[in-house]
There are 2 protein chains.
Amino acid sequence: MNGVAMGIHERKEREKEQRKEEIIDAAQRIFFEKGLIASTMDEIAEAAELSKGTLYLYYSSKEDLYLAVMMRGMDTLHDMYEQIVNSDDSTVEKIIRCSNSYVDFFHSNRNFFRMFPFLQNPRFHKQVSEEMIKSCGLKNQKMWDMVIAMLKKGMEEGKLRSDLNPVEVGIIFWSSSTALLIREDSEGPAWKANLNIDFDHTLEVCNMLLMESILTDQGRKEYHALKKT
Amino acid sequence: MNGVAMGIHERKEREKEQRKEEIIDAAQRIFFEKGLIASTMDEIAEAAELSKGTLYLYYSSKEDLYLAVMMRGMDTLHDMYEQIVNSDDSTVEKIIRCSNSYVDFFHSNRNFFRMFPFLQNPRFHKQVSEEMIKSCGLKNQKMWDMVIAMLKKGMEEGKLRSDLNPVEVGIIFWSSSTALLIREDSEGPAWKANLNIDFDHTLEVCNMLLMESILTDQGRKEYHALKKT
DNA sequence: GTATGTAATAACTGACAGTCATTAAATGAA
DNA sequence: TTCATTTAATGACTGTCAGTTATTACATAC
């Protein structure tokens, strides 16, 4: 292989990546509109201006393609968290900002948010390639690591109760927020109409109740001061 | 119509109900084993020793049949809660027992529990008959009413903070418990292996943190006394 | 014993995920 | 420039499955 051949090889590699992105673009439009079940590979192929067979040269199943789209959402969320965690705010402030960001993400990226529960259905995973699962898990891991490190630091600073397990605290916050937002998405209007419940408010209350319990006296003082501003 | 004819009519009615139950029996076996997606109506028909066409005389779609099975699980859960709420335990005690019962239900009826998230996916609902949705919603409503009434009573008794909305408190407890149990089901072993997290313990911590925050001083005293026994 | 209504069937249809034999295009050597 | 070879793309095809429908079998009523 000479220099020219190498250049072609690299260009092809680049074009392949580009094609993969174009396919995700098309898939995103269709999945956002109709969800996983109602979207068909033929539709996505048409939207991508490719034949269906070609899609399978780049992604090994519909579910793989679905995950590829979802990963973009995870990237967005990851970047938001990274920015917060790496800021020079105090830990208490960071925790508050992380909670708020999750709600913001829900409101401004609802279509991505709706994809996340897919991961929780183990029965779907059988359709998904091992590679994609690993890639997804890695991204997830990175996000958790950041959050857990933040909580651990809060404990070392004496802001958070150090008799708690930071991993457990992370799971509790994340899970309860996610659950309330999923409910808001699927049943929000009904609860609003029947019992005048606003889920955004409910989530605030939930976080407030949990914060009250996980903070030390020192942390709680800071928390209340911050809430007033 | 004479008396004899009426008797036949009633018998037929009875047999029809019985057939419906037999179909649910068969569906339950298949759905438990393979989940919604991987189960086929042909399999269920074979398990019920009927033709597929006959299933559609009794249930209008696969999803309807799935919900019919799920409702059995909801009945079980409903009965557990009814018994607790109607007992003569104190309100604080009832709340604790409700939380524990939910975990018990998860462990002894995991196949039913796995069906519940189906309700949270709005995209599936299009396949389900209006009638079945209504029937399901009603059962749900009854459970919520019980729980909310219990919490309201706790506030009136001065055990729970009365500046909180009992509906919101109910949603928060229910959602966070559900979320943690779903996670336990799908990712439990992985978290146990990687970070030595036990979700049953995490859920206990979560409930403890929330309880600490929602109880009044009086309620908290009772709570701690009860926890020691 | 025959007409009528009801329960059940099984062959059929349409939709869709995924495959594969074939075609078209780009590349590189002669 | 020509032609062989590799790579990308196609679209017709297959198998599966939810849901339908024309037909059959049977119980009831007269």
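Only the coordinates and a few stated rules stand behind these numbers; no lab work does. What you see is a predicted model, and the numbers here were worked out from it, not measured in a lab. Ideal geometry is used to build each Cβ from the backbone, glycine not excepted, and the neighbour counts take in all protein chains shown.
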Next item on the list: Collect residues whose amide H, placed 1.01 Å from N in the peptide plane, falls under 5 Å from the amide H of residue A:215; neighbours closer than 5 in sequence don't count.
Entry: A:161
Item checked: Relative contact order of chain A, defined on C-alpha pairs under 8 angstrom at six or more residues apart (%) -> 18 percent
Notebook entry, point to check: Peptides B:174-182, B:151-159: what's the order by average Cβ count within 10 Å, highest mean first?
Noted result: B:174-182, B:151-159
Notebook entry, point to check: Where the centre of each part is set by its Cα atoms, how far does the range A:111-156 sit from the range A:21-50, in angstrom?
Noted result: 23 Å
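Quick one: which of B:52/B:142; A:139/A:159; A:192/A:228; A:221/B:153; A:221/B:192; A:62/B:62 span more than 24 angstrom between C-alpha atoms? Provide the component values of the computation, followed by the final result.
Numbers: B:52/B:142 34 Å; A:139/A:159 28 Å; A:192/A:228 27 Å; A:221/B:153 32 Å; A:221/B:192 35 Å; A:62/B:62 22 Å.
Over 24 Å Cα-Cα: B:52/B:142; A:139/A:159; A:192/A:228; A:221/B:153; A:221/B:192.
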Checklist line | Difference of contour (0.36 nm per residue) and Cα-Cα distance, residue A:134 to residue A:218 | finding: 26.2 nm
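Sort A:29-35, A:103-109 by the packing proxy (mean of other Cβ within 10 Å over each peptide's residues), most packed first.
Working: A:29-35: 17.1, A:103-109: 15.4.
Descending packing order for the listed peptides: A:29-35, A:103-109.
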Check: So how tilted is helix B:199-214 from the main axis of chain B? Cα-based, degrees 0 to 90, rounded to 10.
Finding: 60 degrees
Check: Relative to the first principal axis of the alpha-carbon coordinates of chain B, what is the inclination of helix B:166-195, with its axis defined by its Cα atoms, in degrees from 0 to 90 and to the nearest 10?
Finding: 80 degrees
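If we sort B:50-58, A:63-71 on the protection proxy, mean other Cβ atoms within 10 Å, highest first, what's the order? Write down the numbers at each step before the final one.
Values: B:50-58: 14.8, A:63-71: 21.6.
Top of the packing list down: A:63-71, B:50-58.
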Item checked: Summed side-chain charge close to residue A:143 - residues other than residue A:143 whose Cβ falls under 12 Å, Lys, Arg +1, Asp, Glu -1 -> -2
Notebook entry, point to check: Based on the alpha-carbon gyration tensor of the protein assembly as shown and its eigenvalue square roots a ≥ b ≥ c, which shape applies: rounded if a/c is under 1.5, prolate if not and a/b is larger than b/c, or oblate?
Noted result: oblate
Notebook entry, point to check: For the range B:55-132, what class follows from the C-alpha gyration tensor (a ≥ b ≥ c being the square roots of its eigenvalues): rounded when a/c is under 1.5, otherwise prolate if a/b is larger than b/c, else oblate?
Noted result: prolate
Next item on the list: Kindly express, to the nearest 10 degrees and within the range 0 to 90, the angle between helix B:62-85's C-alpha long axis and the longest C-alpha principal axis of chain B.
Entry: 40 degrees
